[in-house]
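These notes are about the structure you will find just below.
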Amino acid sequence: DIQMTQSPSSLSASVGDRVTISCRASQSISSYLNWYQQKPGKAPKVLIYTASSLQSGVPSRFSGSGSGTDFTLTINILQPEDFATYYCQQSYTAPLTFGPGTIVDI
Amino acid sequence: EVQLLESGGGLVQPGGSLRLSCAASGFTFSSYAMSWVRQAPGKGLEWVSVISGSGATTYSADSVKGRFTFSRDNSKNTLYLQMNSLRAEDTAVYYCAKAQGSGSVYYGMDVWGQGTTVTVSS
């Protein structure tokens, strides 16, 4: 099975900051990496799919990059509504594993 | 509007069984793979299973193999999760989610249900 790791596990940031979250796969997953945002008590929401494609309706301050085993989610000009937990997930092969999550708080 | 609505959660004793349902609307259900994802209290997301649009192919996490069964009824636009031999560690919110790409799981999951809570406790 492909293992996913994320760093950092949590970070504190301020409105207006630029935030970067890393995700690493235990083996190459090409570009089959997706990013989700989850707020407390809510279902996850896809932000980025296949590493760098912005989901329709998601603000352009979110961007993704990477391929192979190393990926990055960047949030430019952090907004109050961006404080949440972020998960990466590989969709290269089953089991479609998630990373452990990164909490972005104030 | 594209929508998923889970039901069937509740309190069950260890060793018991429960069947979850996920009713889909607003899209051609049979064209999309569907997944179950769960989240234990205070924990991260755990992918549980995926089933192809036809229902012919399923994959699941090792943690549920042999205990959980996944199926769908495309005539009813409904996804099912039959959970047997439940354990305390199966306690979680269970979400159903739609694959974004028709016939493919590569593009992430773009529609999620609100989740249904399963509690395994005596």
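Each reported figure results from applying straightforward, stated rules to the coordinates on display, with no laboratory input. What you see is a predicted model, and the numbers here were worked out from it, not measured in a lab. Quick reminder, even Gly has a Cβ in these numbers, built from the backbone with ideal geometry, and neighbours come from all protein chains shown.
To the nearest 20 debye, what is the magnitude of the charge dipole of chain B about its Cα centre, counting +1 on the Cβ of each Lys and Arg and -1 on the Cβ of each Asp and Glu?
200
Which GluC sites (Glu not before Pro) from segment B:1-57 combine a DSSP loop assignment with at most 14 other Cβ atoms within 10 Å?
Counting only loop positions with at most 14 other Cβ atoms within 10 Å, the GluC sites (Glu not before Pro) in segment B:1-57 are B:GLU1.
Once the piece of chain linking A:GLN79 and A:LYS42 is laid out straight, how much longer is it, given 0.36 nm per residue of separation minus the C-alpha distance between them?
11.5 nm
Could I get the Rg over Rh figure for chain A? Both from C-alpha atoms, Rh via Kirkwood, rounded to two places.
0.94
Would you work out which of A:THR5, A:ALA25, A:LEU78 lies farthest towards the positive end of the dipole of chain A, given +1 charges on the beta-carbon of Lys and Arg and -1 on that of Asp and Glu, about the Cα centre?
Result: A:LEU78.
For a footprinting-style exposure proxy, rank A:SER28, B:SER75 by other Cβ within 10 Å, fewest first.
B:SER75, A:SER28
For segment A:1-61 and segment B:55-122, write down the distance between their C-alpha centroids in whole Å.
A separation of 22 Å, based on Cα centres.
On a full-extension model of 0.36 nm per residue, what is the gain between A:SER28 and A:SER9, subtracting their alpha-carbon distance, rounded to one decimal in nm?
4.7 nm
Can you tell which of A:SER65, A:THR50, A:ILE103 lies farthest toward the positive end of the dipole of chain A, using +1 and -1 charges on the Cβ of basic and acidic side chains (Lys, Arg; Asp, Glu)?
Checked the options; the winner is A:THR50.
Taking square-rooted eigenvalues a ≥ b ≥ c of the alpha carbon gyration tensor, is chain B rounded, prolate or oblate, where a/c under 1.5 means rounded and, failing that, a/b exceeding b/c means prolate?
Prolate, since a/c reaches 1.5 and a/b exceeds b/c.
As a test of understanding, state the convex hull volume per residue of the protein assembly as shown from its alpha carbons, in Å³.
111
Determine, at each q value in 0.18, 0.22 (inverse angstroms), the log₁₀ of I(q)/I(0) that the Debye formula gives when each Cα of segment B:67-122 is one equal point scatterer.
Debye output, listed in q order: -0.78, -1.02.
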